[in-house]
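Engineer: Okay, handing you the structure first.
The values are calculated or read from the model by the stated rules, or taken from the named source; none is laboratory data. Since the structure is predicted, the reported quantities are computational estimates derived from the model, not experimental observations. Every residue, glycine as well, gets a Cβ built from its backbone with ideal geometry; the counts of neighbours run over all protein chains shown. What goes into the accessible areas is simple: the full protein's heavy atoms, side chains included, and nothing from ligands, DNA or RNA. Shrake-Rupley method; radii C 1.70, N 1.55, O 1.52, S 1.80 Å.
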Amino acid sequence: MMHVVIIGVGAMGCLFGAFLSPLANVTLLGHWPEQLAALSHDRLALIGVDGRSNHYTIQATNDPTAVPPVDLALILVKSHQSEQAAALAKQILAPNGLALTLQNGLGNLEILTAELKPHHTALGTTAQGATMIKPGIVRHAGHGPTYLASTPATAGRLTAVARLFNQAGLTTHLVDNVDGLVWGKLAVNCGINPLTALLGVPNGFLAENEPARHVMMAAARETAVVAQALGVTLPYPDAGQRALEVAQATAANHSSMLQDILRGAPTEIEAICGAVVENGRYAGIPTPVNEKLHQFVINNQRLKIEDLLVAFNL
Ligand code: KPL
């Protein structure tokens with residue numbers, strides 16, 4: 001059995017933990033006291049996409065010395081906690097172990113490789129949606145594919161990881177274009193995350209509401225233009241269309257940024273829209289949509305549809 005530690009005990013950490021726990025030796029490692037308490041007193045309840053609950057016994061701890069050396073450290077913390085997670089991964093990886101980030105935003109693989117040798121690191125993205133209902137209870141809000149970027153140094157181990165994920169029911173594919181993968185997901189996050197957070201709506205609303213859909217698609221397409229200027233080939237032809245498809249596939253989900261705002265936690269806006277604005281400046285590409293979304297989130301604003309019409313001249 002593969003030894004897996006999931007660093008991050010939020011909704012996504014719990015979702016992956018629940019799916020992998022029947023097939024691997026899984027430990028959740030994190031700092032959220034209420035979550036750790038809930039998981040130590042009771043089993044994790046996962047409400048499936050069909051509305052039915054299943055329960056999982058998963059070890060959860062805040063003590064890295066209690067975790068045996070692991071084959072896979074799956075990083076599912078927020079982007080501002082990446083440095084800390086990389087240091088933890090270094091502490092607990094087995095000699096041939098792999099730290100795999102499935103986080104949102106730019107810069108996470110670079111943070112891992114600053115701490116670990118490149119052959120111990122890997123990057124993936126996931127379009128799975130999960131919502132934290134309360135400590136100990138997570139809702140699986142939508143299935144979406146997971147992609148893992150393999151390199152010659154990691155291909156063998158990532159093939160085994162992909163096999164495990166697929167057997168567990170998490171559809172996973174290996175790809176070899178890491179930049180395309182990360183920018184491809186970034187464009188979707190730029191479209192969905194800030195808008196859902198600002199409007200306080202589930203992802204599906206952006207697909208249904210005309211002005212919201214327009215801004216979502218514009219933010220995603222703007223990100224694609226920056227990617228293109230940097231020489232990155234995206235894994236799909238139209239980023240706006242892709243954001244729309246993900247919003248539809250995860251319609252019931254509260255995006256991770258909306259969940260962050262609702263619980264008063266820091267958002268990943270810098271690693272998402274902030275990174276696009278910065279790279280746009282570097283590449284000489286204007287990014288007015290991402291700039292506005294970035295500013296609204298930084299200012300902790302709440303918007304109504306009428307505000308969108310004014311802000312984006314619709
Ligand atoms: O990555 C996500 C997020 O919420 O951070 C999506 C895919 C948009 C699902 O909500």
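Engineer: Among the helices (runs of 4 or more DSSP H) confined wholly to the range 233-314, which include 2 or more residues that are open to solvent by 40 Å² or more (accessible area, probe 1.4 Å)?
Structural biologist: Values: elements: 239-249, 256-262, 275-283, 288-298, 305-311.
Filter on the range 233-314 gives 239-249, 275-283, 288-298, 305-311.
Engineer: When you go through (1) open to solvent by 20 Å² or more (accessible area, probe 1.4 Å); (2) away from the ligand (no atom under 14 Å from the Cβ) one by one for Ala227, which number turns out not to apply?
Structural biologist: (1)
Engineer: Could you identify the single residue in Thr287, Thr267 that is within 15 Å of the ligand (Cβ to nearest atom) and within 17 Å of Ala187 (Cα to Cα)? Even if it seems obvious, please write down each step before you answer.
Structural biologist: Details: Thr287 fails: within 15 Å of the ligand (Cβ to nearest atom).
Result of the check over Thr287, Thr267: Thr267.
Engineer: What do you reckon, is Asn62 in contact with a His (Cβ under 8 Å, 6 or more places away or on another chain), open to solvent by 40 Å² or more (accessible area, probe 1.4 Å) and either free of Cβ contacts under 8 Å to residues at least 60 places away in the same chain or not assigned by TED's automatic domain parsing to the domain that holds Ala155 (or both)?
Structural biologist: Yes: the conditions hold for Asn62.
Engineer: How do the strands (runs of 3 or more DSSP E) wholly within the range 132-195 filter down when requiring 1 or more residues that are within 12 Å of the ligand (Cβ to nearest atom) and open to solvent by less than 10 Å² (accessible area, probe 1.4 Å): which remain?
Structural biologist: Working: elements: 137-142, 146-149, 172-175.
In the range 132-195, 137-142, 146-149 are the strands (runs of 3 or more DSSP E) which contain 1 or more residues that are within 12 Å of the ligand (Cβ to nearest atom) and open to solvent by less than 10 Å² (accessible area, probe 1.4 Å).
Engineer: Here is a list of conditions, (1) of a type outside the set (Phe, Trp, Tyr); (2) more than 15 Å from the ligand (Cβ to nearest atom); (3) buried (at least 17 other Cβ atoms within 10 Å of the Cβ), and Leu206 meets all of them except one; can you say which number that is?
Structural biologist: The number of the failed condition is (2).
Engineer: Can you report the number of residues in the range 27-54 which are over 21 Å from Gly144 (Cβ atoms) and open to solvent by less than 50 Å² (accessible area, probe 1.4 Å)?
Structural biologist: 10
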